[in-house]
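*Asks:* Questions regarding the structure given below will be posed in turn.
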Amino acid sequence: MKEPKLSILIVLLSSMSLVAQDALFVQPSGGNIYLNPALVGNDSVARLGLIYRIQWPNLSSAFETAAVNFYQFIPKFNAYGGISYLRNDHARGNVISNNFSIFYSQNINIKKVLLRPSVEVAFGNRKLDDTRLNFGNTMYPSSQAPLNTTTQKQNLNYTDLNFGVMAYYKKFLLGLSAHHILEPNVGFGAGHTELPIRYGVQMGYQIAIKKVVLSPFGYFRKQQYFTSVLFGANALLYNHLNLALSYGTSDRIISNIGYENKFFRINYSFDYTFSKLAVNSAYSHEIGLSFRFWKTKPKMRLIGVNSVFS
């Protein structure tokens, strides 16, 4: 009986400002655009990315997040442009969020420094369907009679705006981002629940040691009362095998293994929360896949970005 009650609780809390937070991926490469749109792009090759994450899979109320994005280099403007789609299933179909966005990132060369500001326009939709929930009668627990026969389906649309900037110099990367500038209303019913602005900082560096490329990285994000920090390191062995280990707030350990070549990249991540406050299913799975397509010839100097976020 614990899992159905948890599903109901999640649905009820989903419309409250305390949980109006973003679900983010832990893979720095597959989830780069969702950290900061300015992180997308490292050469003139077009890319298609897919990523899927399931959190607390043993619970009936598991959180599922899936995304697909595509971007390519625009030689005339020395810039990158692309589209993205993100879907969040907060409670097995009871609360679903869809987000479609278009983004543009401008490369600005300042001697050996690459400065890349980015803007992203997003269109969101949230759906609530509590007709699928079964509330037991509190007076007669054994009865199947509903506590409240009033059910509802709600549909909410909104527009949003995100900004980001990245600075890159000699394999050192620094990114700053701000999502939900418009603070759209994402609450159901008569209430008004603003989606809080999410601020982020991303850092990365690369060290080449013979046939191993070591990339320490970290990022910080703050959204309303929620603050998260994650730092770790990725090792690329012989230009093909990816191994990574990172640590995040709330006592999270994330491990990653992947493979890449000139055509595609695949990564699998497993993160586990060992905090005493964790529930009995405090682990998550995440898998990312990206494909490399055609290459566009630059018309002006293009500074390539070598980063774990690329």
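*Asks:* Among the residues in segment 66-77, are any assigned to a loop (DSSP other than H, G, I, E, B) and modelled with pLDDT under 90? Lay out the reasoning, then the answer.
*Replies:* So the first thing to find is which residues in segment 66-77 are assigned to a loop (DSSP other than H, G, I, E, B), and the list is 75-77.
Applying the additional criterion that residues be modelled with pLDDT under 90 yields none.
No.
*Asks:* Looking only at segment 115-124, which residues are under 12 Å from Ala79 (Cβ atoms) and not charged (D, E, K, R)? Give the steps one after another, and end with the answer.
*Replies:* Filtering segment 115-124 for residues under 12 Å from Ala79 (Cβ atoms) gives 116-119.
Passing the criteria: Pro117, Ser118, Val119.
Condition check ((1) surrounded by 14 or more Cβ atoms within 10 Å (Cβ to Cβ); (2) among the polar types (S, T, N, Q)) across all residues:
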| position | (1), (2) |
| --- | --- |
| Gly81 | yes, no |
| Ser84 | yes, yes |
| Arg87 | yes, no |
| Val95 | yes, no |
| Asn99 | yes, yes |
| Ser105 | yes, yes |
| Lys112 | no, no |
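*Asks:* Are any residues in segment 22-61 of a type in the set (Lys, Arg) and more than 10 Å from the chain's Cα centre (by Cα), and if so, which ones?
*Replies:* Residues of segment 22-61 of a type in the set (Lys, Arg): 47, 53.
Scanning segment 22-61 gives a single hit, Arg47.
*Asks:* Then there's this: Residue under question is Ile10, and the condition is that it be over 24 Å from Leu161 (Cα atoms), modelled with pLDDT under 50 and either acidic (Asp, Glu) or touching a His at 6+ places or on another chain (Cβ under 7 Å) (or both); does it hold?
*Replies:* Details: over 24 Å from Leu161 (Cα atoms): yes; modelled with pLDDT under 50: yes; either acidic (Asp, Glu) or touching a His at 6+ places or on another chain (Cβ under 7 Å) (or both): yes.
Against the criterion (over 24 Å from Leu161 (Cα atoms), modelled with pLDDT under 50 and either acidic (Asp, Glu) or touching a His at 6+ places or on another chain (Cβ under 7 Å) (or both)), Ile10 qualifies.
*Asks:* Collect the residues in segment 212-259 that are within 19 Å of Leu176 (Cβ to Cβ) and among the hydroxyl-bearing types (Ser, Thr, Tyr), keeping them in residue-number order.
*Replies:* So the first thing to find is which residues in segment 212-259 are within 19 Å of Leu176 (Cβ to Cβ), and the list is 216-224, 226-231.
Scanning segment 212-259 gives Tyr219, Thr227, Ser228.
*Asks:* So, in segment 100-151, of the ones that are closer than 23 Å to Phe188 by Cβ, among the hydrophobic types (A, V, I, L, M, F, W, C) and assigned to a strand (DSSP E or B), which residue ends up modelled with the lowest pLDDT?
*Replies:* For segment 100-151, the residue satisfying everything is Leu128.
*Asks:* Restricted to segment 178-212, and to residues that are of a type in the set (Val, Ile, Thr) and in contact (Cβ under 8 Å) with a residue 40 or more places away in the chain, which residue is surrounded by the fewest Cβ atoms within 10 Å (Cβ to Cβ)?
*Replies:* First, pick out the residues of segment 178-212 that are of a type in the set (Val, Ile, Thr): 181, 186, 193, 197, 201, 207, 209, 212.
Checking the rest, the ones that are also in contact (Cβ under 8 Å) with a residue 40 or more places away in the chain come to 186, 193.
On the way: Val186: 21, Thr193: 19.
Selected residue: Thr193.
*Asks:* Taking segment 266-304, which residues are modelled with pLDDT of 90 or more and of a type in the set (S, T, N, Q)?
*Replies:* Asn267, Ser269, Ser290, Thr296
*Asks:* Condition check: under 19 Å from His180 (Cβ atoms), within 14 Å of the chain's Cα centre (by Cα), part of a strand (DSSP E or B) and among the aromatic types (Phe, Trp, Tyr). Does Tyr85 satisfy that?
*Replies:* Details: under 19 Å from His180 (Cβ atoms): yes; within 14 Å of the chain's Cα centre (by Cα): yes; part of a strand (DSSP E or B): yes; among the aromatic types (Phe, Trp, Tyr): yes.
Judged against the criteria, Tyr85 is a match.
The values are calculated or read from the model by the stated rules, or taken from the named source; none is laboratory data. Note that the structure is a prediction, hence the values are computed from the model and not measured. Positions of Cβ are generated from backbone atoms using ideal geometry, with glycine treated the same way; all protein chains shown enter the neighbour counts.
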